[in-house]
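Enquirer: The structure that follows is given in the form of structure tokens.
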Amino acid sequence: MSSYGMTIVEHLLMKQQQIPFATGAFSRLMSELVVAAKLISREVNKAGLVDIYGFTGEINVYGEQVQKLDEYAHKTIIRRLRHTGVLCAIISEESADIMEIPEPFSRGPYILVMDPLDGSSNIDVNISIGTIFSVYRRKEEGGPVKLEEVLQRGAKQVAAGYFIYGSSTMMVYTTGQGVHGFTLYPSIGEFLLSHENIKIPERGKIYSVNEGNYNYWDENVRRYVDYLKKPDVADGRPYTSRYVGSLVSDFHRNLLKGGIFMYPADSKDPKKPHGKLRLLCEASPLAFVVQQAGGYASNGKKPILDIKPNSIHERVPLYIGSIEDVKMAEKYLRGEYQ
Ligand code: AHG
Ligand code: MN
Ligand code: MN
């Protein structure tokens, strides 16, 4: 029987049956995350109405505190997940430190890492945004969560994925058994399996990068982008340029169509010499997804999944997408083409 049309919860339960000794804790975590994403999706969809209904001050017409959407997403996920008993800590792009699950909630073995709202500068202009998540298992049995337990290599992820709030709301996730996509049917309020076992083409025709930073890149990065634009019909060049400016949206398009997304290191801001994107909250989760789809993610020198973070908000250059495209980028960055 085809699995298409299955709900996320059914899918999780089906996968859980294939794992001996599975306790259901992980399925519980994921199904609460799905509820949080439905709430965020609802808020994202009405964001454009904020001005019309006069939600301009601190308090809206319903007497509710108006929150920025990224703050709303951050708080909603925490509120929905802290009582599940399966998490010991949450790491969020919106919070400087580890957030341990406090008393009186019971704790479990998992650590959730998230970018609650990715691409948030695009909210005002009605462009797709997303939520990125990743799950690790802690090393210790109990006690306070140590920084060391959080700073794990991406290869240690138990699960990762994202929600995209676009023309449809979708969830794409992996637990290391392929990548699966679900589409939210608003009329029934369920995510149903729409993209089973997604595979990214080995090579694409799209490159996605903020080319306004061209003059801040080192010459090897510039050479690689020049190569992508140089016409060579037999080789499928020039590539097409597509850049939304929402990582989740740019990544999702390239996952389905093939190509490369990059956010290279640049010299624009001396405080961010390694580019803009965060290793734990953004790069590692998408690296796990792309690798499970047959693609590859690199910092230009080595696999993102092999990098052990030194801090929670460490930034990293990111080259991610079709395997042949990312391997070619690595060759250019090594200076193999002068
Ligand atoms: P966030 O909204 O979570 O801070 O992330 C924004 C990121 C990412 O979504 C996108 O790829 C990148 O910023 C775009 O940066 P530029 O505007 O520098 O191109
Ligand atoms: Mn982000
Ligand atoms: Mn964000």
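Every read-out reported here was derived from the displayed coordinates using simple, explicitly stated rules and does not represent laboratory data. What you are looking at is a predicted structure, and each value in this text was computed from that prediction instead of being measured. So basically every Cβ, Gly included, is an ideal-geometry build from the backbone, and we count neighbours across all protein chains shown.
Enquirer: What are the residues whose amide H is under 5 Å from the amide H of Thr169, where those residues sit 5 or more places off or on another chain and H is modelled from the backbone?
Expert: Sorted by chain and number, the residues that satisfy this are Leu184.
Enquirer: Given the pairs Lys139/Lys331; Lys272/Lys301; Lys199/Lys272; Lys276/Lys327, which are separated by over 28 angstrom at their Cα positions?
Expert: Numbers: Lys139/Lys331 36 Å; Lys272/Lys301 18 Å; Lys199/Lys272 33 Å; Lys276/Lys327 21 Å.
Violating the 28 Å Cα-Cα cut-off are Lys139/Lys331; Lys199/Lys272.
Enquirer: Hey, what's the Cα Rg ratio for the range 67-153 versus the globular rule of thumb, 2.2 N^0.38 Å?
Expert: Values: Rg = 13.9 Å, N = 87, 2.2 N^0.38 = 12.0 Å.
The range 67-153 yields a ratio of 1.16.
Enquirer: Compare the Cα positions of Leu228, Ile111, Ala37 along the charge dipole of the chain (+1 at Cβ of Lys, Arg; -1 at Cβ of Asp, Glu; about the Cα centre) and return the one farthest towards the positive end.
Expert: The one lying farthest along the dipole's positive direction is Leu228.
Enquirer: Which whole-Hz couplings ³J(HN,Hα) result when phi for each residue of the range 107-116 is put into the Karplus expression 6.51 cos²θ - 1.76 cosθ + 1.60, θ = phi - 60°, listed in order with x for Gly and Pro?
Expert: For the range 107-116, the Karplus curve yields 10, x, x, 9, 10, 9, 10, 8, 10, x Hz.
Enquirer: Could I ask something else about it? Compute the whole-percent fraction of alpha carbon pairs in the range 94-204 spaced more than 20 Å apart.
Expert: Every Cα pair in the range 94-204 considered, those over 20 Å come to 56 percent.
Enquirer: Suppose only helical runs count, i.e. DSSP H with n ≥ 4. What mean residue ellipticity at 222 nm does that imply for the chain under -39500 (n - 2.57) per run, divided by all residues and rounded to the nearest 500 deg cm²/dmol? Write down the numbers at each step before the final one.
Expert: Details: 8 runs with 90 residues, N = 338.
Counting only the DSSP helices, I get -8000 deg cm²/dmol.
Enquirer: OK, next. In terms of Cα to Cα distance under 23 Å, which lysines are near enough to Lys46, apart from those fewer than 8 places away along the same chain?
Expert: Counting by Cα, and skipping residues close in sequence, Lys46 has these lysines nearby: Lys38, Lys68, Lys75.
Enquirer: Here is a follow-up. Between the range 284-338 and the range 231-246, how far is it from one alpha carbon centroid to the other, in angstrom?
Expert: Spelled out, the Cα-based centre of one part sits 19 Å from the other.
Enquirer: Continuing with the same structure: Quick query: amide H of Val244 versus all other amide H atoms, modeled in the peptide plane; which residues come in under 5 Å with a sequence gap of 5 or more or a different chain?
Expert: Under 5 Å from the amide H of Val244: Asp250.
Enquirer: Can you sort Tyr263, Tyr216 by how many other beta carbons sit within 10 Å, fewest first?
Expert: Details: Tyr263 23, Tyr216 15.
Ascending number of Cβ neighbours within 10 Å: Tyr216, Tyr263.
Enquirer: Could you tell me the calculated FRET efficiency between Glu71 and Arg153, based on Cβ-Cβ distance and R0 = 30 angstrom, to the nearest 0.05? Kindly include the intermediate steps, with their values, before the conclusion.
Expert: Working: r = 30 Å, r/R0 = 1.00.
After rounding, the FRET efficiency stands at 0.50.
Enquirer: Follow-up. Once you have the Cα-Cα distance between Ser3 and Ser311, take 0.36 nm times their residue separation minus that, and quote the gain in nm to one decimal.
Expert: Values: separation 308, 0.36 × 308 = 110.88 nm, distance 4.01 nm.
Net length gain for the segment: 106.9 nm.
Enquirer: Would you mind pulling out the separation of the Cα centroids of the range 94-146 and the range 252-278, in Å?
Expert: With the range 94-146 and the range 252-278 each reduced to a Cα centre, they are spaced 21 Å.
Enquirer: Also, I was wondering about something else. How many angstrom separate the Cα center of the range 6-45 from the Cα center of the range 173-230?
Expert: 23 Å
Enquirer: Using each residue's phi in the range 294-300, evaluate 6.51 cos²θ - 1.76 cosθ + 1.60 at θ = phi - 60° and report the 3J(HN,Hα) Karplus result to the nearest Hz, with x for Gly and Pro.
Expert: x, x, 8, 9, 9, 8, x
Enquirer: Now, a different point. Please sort 297-309, 184-196, 126-138 by packing, taking for each peptide the average over its residues of neighbouring beta carbons within 10 angstrom, highest first. Intermediate values should be presented prior to the final figure.
Expert: Values: 297-309: 18.8, 184-196: 15.2, 126-138: 22.7.
Top of the packing list down: 126-138, 297-309, 184-196.
Enquirer: Out of all Cα-Cα pairs in the chain, roughly what percent, to the nearest whole number, are more than 32 Å apart? List each step's numbers first, then the result.
Expert: Numbers: 17050 of 56953 pairs.
Every Cα pair in the chain considered, those over 32 Å come to 30 percent.
Enquirer: What spacing in nm lies between the two simple spin-label points modelled at Ser167 and Glu103, each 7 Å away from Cα in the Cβ direction?
Expert: Using points 7 Å along Cα→Cβ, the separation is 5.3 nm.
Enquirer: Let me ask something additional. Calculate how steeply helix 25-45 sits against the longest principal axis of the alpha-carbon atoms of the chain, using the helix alpha-carbon long axis, and give the answer as 0 to 90 degrees to the nearest 10.
Expert: The helix 25-45 is inclined about 80 degrees to the chain.
Enquirer: Check Val179: other-chain or 5+ apart residues with amide H under 5 Å from its amide H, H built from backbone geometry?
Expert: So Val179 has HN proximity to Asn197, Ile198.
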